[in-house]
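Here's the structure we're looking at; comments come further down.
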Amino acid sequence: MIMMKNIDHLSLDGRSLYMLKQIYEHRSVTETARMLGVTQSSVSHSLDRLRGLLGDPLFLKVGRAMVPTERVESMMGEIDQVLEGIEALYHQSDFDPLNSTDRFSIICNDFEHDLLVPAIFSRLNQEAPNCTLRTHQQLIMGNVCLKKGVADLELCPYPPKDSSDLVISKLCSDRQITYYDPDVRDAPRDLEDFVASDHAILSLGTNEATAIDTQLSSMSRKRRVSYIGPNFTSAAMVVRGTNMLATAPSRLAGSIFRDLAWVETPVELEPVDFYMVWHVRHRHSPRHKWFRDLIKTVASDLPETSQVCKETIARRTVANDAKGPKRKHAVITDKAAIVRD
């Protein structure tokens, strides 16, 4: 329990506790003021008030950082509970999507955007026609954005490691296939051909290691990675018109990689899982729960991966046939790519 002697405990309010939590997370009065949309002097004044109420300096200035005292460290768990309780009181009433004018926001990369956002927006427009959907580009520190309240939730392939106050739920899985430009090259014939090719990969942060490279290393093989991009769209752009390969989720065959051919990757890989991540503060929010349920419904309605690939290739094959027999085209089955004259 937070022990408060000789002070009026009712002088502590939710706004001040939330500000204290933000200073604790950002270690900066300036950043807290910017995030809350108030002046730095306003935050400093509120902090001085809390220091007087609690009889503790709360934060010590060390260089440019604000270092929390032991008192603050011991209080943070209970402050989180108090703030969650306040939000639960605020959201006691049911959410009425039909009459709501709320804004919902999602952090995602290009894959999750192409795969889920159009259907999310369509369903949102039907069930909550006066609401607005805002998407943010996925950042390396997406979990920080959730803690700051920048977005309602994040859609991502890799759940954050710092997840003590985040809720993570799996939405769907996908297998990986290897894409190439059939106008420039044939499909890789085998593992040796795959390894000998130049590759484009995706890296969301500083870690550039992939499951493929781990598998190849276990087989004493190494591929050449000649391009490392921030998203799948960039990988598709550099593969197009070159002899490079890009290994990515199969559902991209119907969107970002739609004009490329694909082949089964000659390395055994685990399926890629995709998650929905949100801050625990929204646990009791009817509005937020309604939005989460909407996204889960959209994810559960996704078509089978193989069907997406078949439809994409069928359209490309018909288009190639219409151009005549002068150029080679790839016919893709569920097992491999067969190049025909």
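The values are calculated or read from the model by the stated rules, or taken from the named source; none is laboratory data. None of the values given here were measured: they were computed from a predicted structure. Cβ atoms come from the backbone with ideal geometry, glycine included; neighbour counts cover every protein chain shown.
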**Request:** Consider Ile168 carefully, then state whether it is part of a strand (DSSP E or B), of a type outside the set (Lys, Arg), under 18 Å from the mean Cα position of the chain (by Cα) and under 30 Å from Lys289 (Cα atoms).
**Result:** yes
**Asked** Do you know which residues across segment 59-79 are of a type in the set (A, V, I, L, M) and over 13 Å from Leu12 (Cβ atoms)?
**Response** Leu60, Val62, Ala65, Met66, Val67, Val72, Met76
**Prompt:** Does Glu127 fit the bill of being under 25 Å from the mean Cα position of the chain (by Cα), loosely packed, with under 14 Cβ neighbours inside 10 Å and either touching a residue at least 60 places away in the same chain (Cβ under 8 Å) or farther than 24 Å from Lys296 by Cβ (or both)?
**Reply:** yes
**Request:** Please verify whether segment 181-198 includes one or more residues that are at pLDDT 90 or above, out of contact with any Phe, Trp or Tyr (no Cβ under 6 Å at 6 or more places or on another chain) and part of a strand (DSSP E or B).
**Result:** yes
**Prompt:** For segment 183-222, what are the residues that are more than 29 Å from Cys156 (Cα to Cα) and of a type in the set (Asp, Glu)?
**Reply:** Asp183, Asp186, Asp190, Glu192, Asp193
**Fill in**
Matching residues in segment 200-253 (of a type in the set (Phe, Trp, Tyr) and either closer than 24 Å to Ala299 by Cβ or assigned to a helix (DSSP H, G or I) (or both)) number 1
**Request:** Name the single residue, out of those in segment 273-289 being buried (at least 19 other Cβ atoms within 10 Å of the Cβ) and in a helix (DSSP H, G or I), that is modelled with the lowest pLDDT.
**Result:** Arg281
**Complete:** Thr233 vs (1) closer than 29 Å to Pro118 by Cα; (2) crowded, with 20+ Cβ neighbours inside 10 Å: all pass except (2)
